[in-house]
Amino acid sequence: MGDIPPAPSKVRPRFGRVTLGSGLLGALFLMATSAVGPGFITQTTTFTAQLGATFAFAILVSILVDIAVQLNIWRVIGVANVRAQDLANKVVPGAGYVLAALIVFGGLVFNVGNLAGTGLGLDAMTGLDTRVGAVLSALLAVVILGVKRLGAALDRILVVLGVGMIALTLYVAVVSRPPVGEALRQSVLPDQLGTDVFLATVTIIGGTVGGYITYAGVHRLVELGHGGRENVAAITRTSVTGIVVTGVMRVLLFLAVLGVVAGGASLLDSANPAAEAFQQAAGETGMRLFGVIMWAAAVSSVIGASYTSISFVSTFHPLLEKRRGTLVTAFIGVSLAVLLVSGQAPTTLLILAGALNGVILPVGLGIMLYVATRRSRDLLGGYRYPVWLLVVGWLAWALTAYMAVNSLSGIAALWQ
């Protein structure tokens, strides 16, 4: 086992377009596939079954907020050309260690859920035992992240997984024949705007840019040597495109499920509403496709969670950077061990990790916005940060702070 390959020695200062060779597309898909995991699929299906076409409004709002959050986080980290934990330590000594601890804990617990999702996916795809499927998927993730030769192909692997998920979901969305016109209308003129819609909106925002997810791509970008003021245009384009790719996947999944719901099927009583929706839409073929999509979503999220979590600690000591491959293997191994011992992702830990992810988002975003507002002279090399982007960022921070306060109820629930 070796380490994840270092940044290339020769880096072009500007990128006129995103290409596979530049690594920017890989950073984009690392973020996008990290967001599209088992939780993403389950949440989208459940909210569609609950809200119907009105969920389109929640999706649109969430995409706009996600863009505001990611634009700022990627812009600050990209221009500073250092990872989030190191930047946080420069703002408040020790803050980076706290941020890293939160990220690693949340990533570890959710990795248990991601590995469980790989088992479910392979079971639906081939009938393989879920525990065996989880073990095989964990070994595959270790090989991809730990072996130098395959690690160099990480970006391309993520692109293939991401494009494959979108293509298969598009097929099911077409087959289910959703009321597209109604969905478009309700995306801007929803029939209802109650607490259910708000809850759905804040939940999917946290699931798209919460916790480690929004840092996944930009840490990869910095590691590959694509940071710095001279690459602002490429950083901006990549950050927005990453959210758009995630949004496309959510819209297609929403339409696929909406077609089934509009046809009169009831999914809320199903033990696995997403699998039920795909089967209702395309029969046995739909179930197999669900398995492929679930596995691809889960294994790519395992890769994203493991890579990003370790990227938050590897800079603290040269020995940790040197042993990064070993750390990734241990991270995945611990996640797998918890899954095999418990049989599932422990509910208590998932609640705690979810609540912490809700806290991480405003804490990390707040630090980045503080750097852009007050420390651009020294930490961003005198870069003149756009005022409009700061305004949008602080408005998004206010919403994420509200989400964080509400997420704390999850921690309180653990003591009841």
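Counting only DSSP H runs of at least 4 residues, each contributing -39500 (n - 2.57), and dividing by the residue count of the chain, the helix-based mean residue ellipticity at 222 nm comes to -26500 deg cm²/dmol.
For segment 185-318, the solvent-accessible area with a 1.4 angstrom probe is 31 square angstrom per residue. Once the Cα atoms of helix 130-146 and of the chain are each reduced to a long axis, what angle between those two axes, in degrees from 0 to 90 to the nearest 10, is obtained? Here the helix axis deviates by roughly 30 degrees. Relative to the first principal axis of the alpha-carbon coordinates of the chain, what is the inclination of helix 55-80, with its axis defined by its Cα atoms, in degrees from 0 to 90 and to the nearest 10? So the inclination is approximately 20 degrees. Positive contributions from Lys and Arg (+1) and negative ones from Asp and Glu (-1), summed over other residues with Cβ under 12 Å from the Cβ of residue 369, come out at +3. Residue by residue, segment 261-275 carries 3J(HN,Hα) couplings of 5, 5, x, x, 6, 9, 10, 5, 8, 7, 5, 9, x, 5, 5 Hz when phi is fed to the Karplus relation 6.51 cos²θ - 1.76 cosθ + 1.60 (θ = phi - 60°); x denotes Gly or Pro. Overall form of segment 122-253: oblate. Here a/c, set by the Cα gyration tensor axes a ≥ b ≥ c, is 1.5 or more, and a/b is not larger than b/c.
Across segment 251-385, C-alpha contacts under 8 Å between residues 6 or more apart give a mean separation that, scaled by the residue count, equals a relative contact order of 10 percent. Estimated at the nearest 10 Å², the accessible area of residue 317 is 100 Å² with a 1.4 Å probe. Phi angles of segment 220-231 translate, via the Karplus equation with coefficients 6.51, -1.76, 1.60 and θ = phi - 60°, into HN-Hα couplings of 5, 4, 5, 4, 7, x, 9, x, x, 4, 5, 10 Hz per residue; Gly and Pro are given as x. Angle of helix 154-176 to the longest C-alpha principal axis of the chain, folded into 0 to 90 degrees and rounded to 10: 30°. Annotation: amide H-H contacts under 5 Å for residue 211 (H modelled 1.01 Å from N, sequence separation of 5 or more, or interchain): 360, 361.
Leaving out ligands, DNA and RNA, and with a 1.4 Å probe, what % of the accessible surface on the chain is carbon or sulfur? The nonpolar share, carbon plus sulfur, comes to 66 percent.
What's the longest bit of the chain with no exposed trypsin sites (Lys or Arg not before Pro), using DSSP loop states and at most 13 other Cβ atoms within 10 Å as the test?
The reported range is 18-383.
If you take all other residues with their beta carbon under 15 Å from the beta carbon of residue 173, and give Lys and Arg +1 and Asp and Glu -1, the sum is +1. Relative contact order of the chain, taken over Cα pairs closer than 8 Å and 6 or more residues apart, is 35 percent. To the nearest 10, the accessible area of residue 367 is 30 Å² with a 1.4 Å probe. Considering only Cα atoms, the convex hull volume of the chain works out to 138 Å³ per residue. Rounded to the nearest whole Hz, the Karplus-based 3J(HN,Hα) values (6.51 cos²θ - 1.76 cosθ + 1.60, θ = phi - 60°) of segment 364-378 follow the sequence x, 5, x, 5, 5, 5, 5, 4, 5, 7, 10, 10, 5, 5, 9, with x at glycine and proline.
The values are calculated or read from the model by the stated rules, or taken from the named source; none is laboratory data. Worth saying up front: this structure is predicted, and the values here are computed from it rather than measured. With ideal geometry, Cβ positions are generated from the backbone for all residues, glycine too; neighbour counts draw on all protein chains shown. Just so you know, the surface numbers come from the protein's heavy atoms only, side chains and all, with ligands and any DNA or RNA stripped out. Shrake-Rupley method; radii C 1.70, N 1.55, O 1.52, S 1.80 Å.
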